[in-house]
Amino acid sequence: MTSIDVQDLTKEYGTTRAVDRLTFSVGPGRVTGFLGPNGAGKSTTMRLALGLDRPTSGTALIGGRPYATYGEPLRVVGALLDPQAAHGARTAHAHLAALAASNRIPLRRVDEVLEQAGIAAVARRRVKTFSLGMRQRLGIAAALLGDPEVVMLDEPSNGLDPEGIIWIRELMRDLARAGRTVLVSSHLMNETATFADHLVVLGRGRLLADTPMPDFIAAHTARRAHVRTTDPGRLRAALTRAGHQVAVADDGRCTVDGATAAEVGALAAADGIPVLELADEQASLEQAYLALTANEAEFAATPLQEARP
């Protein structure tokens, strides 16, 4: 089994501790979202795992080994950290061909991943002429070049158009379904919610959460149900007696904090109160993430109304 295993990992830059005794594992067969505010240590952790920096203490292993010990690492790990890494004077094909040669990857894979990434038509163009989205696709093609068991992507949808975002989303899911280990760092909560099965969340270099995404959302958002009835007064009285907080709108719709739709429906049925609509509020990943990391952001803007003199 090829996994990413981080154990008691610490990285200090002078007096700044970017990663603080971090421990987690990323296993195969699922997409793991790697989340946290700017400065949380996500990029540093990925660099440490890829041997681009040395830890102050602890380990970051891939398949039980340091990345640097692999003779042909692209066959084991594919990574996108910086879409600007390709030399601007090279063509896309030449860039990938050089990577392939360095890891004894058959040259035919270059054409295959260019096609897979949707940039085969510009394979002979110099990288310096590429847009951000085209460079992003080239970086993803490079990550796929060795058909690796582990894929690590930092902000993979950055610069992509809507078609590209759907493509990378499906690609990550396909890789996970094929049993690959997929770690994806992102700041886009709504997008992460469409592809991640599991979440690892950092704050100021420390581990805040390591859990399946549905459990994360449930743990960090409040239960709330919405109900509409022809007799909101009676329903409110019944719910209040049961200890729930109820807000009633002018159209008879009620918002019930701390309750599920099933609980509200049962109370209404017990009192013979007709119910026209009943649903649980669908909490979002963004709400849960902001609730957890509210005090962990290194930089936070002042709301406009507070900033005014």
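Worth pointing out:
- DSSP bridge pairs, the chain: antiparallel proportion in percent, nearest 5: 65 percent
- Residues of region 253-288 with amide N under 18 Å of the 7 Å Cα→Cβ point at R241: 263-275
- Annotation for region 3-76: trypsin sites (Lys or Arg not before Pro) lying in DSSP loop with at most 16 further Cβ atoms inside 10 Å of their Cβ do not exist.
- Under the simplified labelling scheme, the D210-R21 pair shows an inter-label distance of 1.4 nm, with each label point 7 Å from Cα along Cα→Cβ.
- Rounded FRET efficiency, nearest 0.05, which uses the C-beta distance separating A101 from D161 and R0 of 25 Å: 0.20
- The length gained on full extension between R90 and R54, counted as 0.36 nm times the residue separation minus their Cα-Cα distance, comes to 10.0 nm.
- Backbone N under 20 Å from the E112 label point (7 Å along Cα→Cβ), restricted to region 131-169: 137-152, 168
- Relative contact order (%) - the chain, alpha-carbon pairs under 8 angstrom, separation at least six: 21 percent
- Cleavage-rule hits (trypsin sites (Lys or Arg not before Pro)) in region 126-171: DSSP loop, at most 15 neighbouring Cβ within 10 angstrom: none
- Relative contact order, percent, region 234-276 [alpha-carbon distance under 8 Å, six or more residues apart]: 35 percent
- Convex hull volume of the C-alpha atoms in the chain, normalised per residue: 199 Å³.
- Taking each DSSP H run with n ≥ 4 as -39500 (n - 2.57) and averaging over every residue of the chain yields -10000 deg cm²/dmol at 222 nm.
A short reminder: the numbers here are calculations on the coordinates, not readings from a lab. Since we're looking at a predicted model, the values are computed, not measured. Cβ: placed from backbone, ideal geometry, glycine included. Neighbour counts: every protein chain shown.
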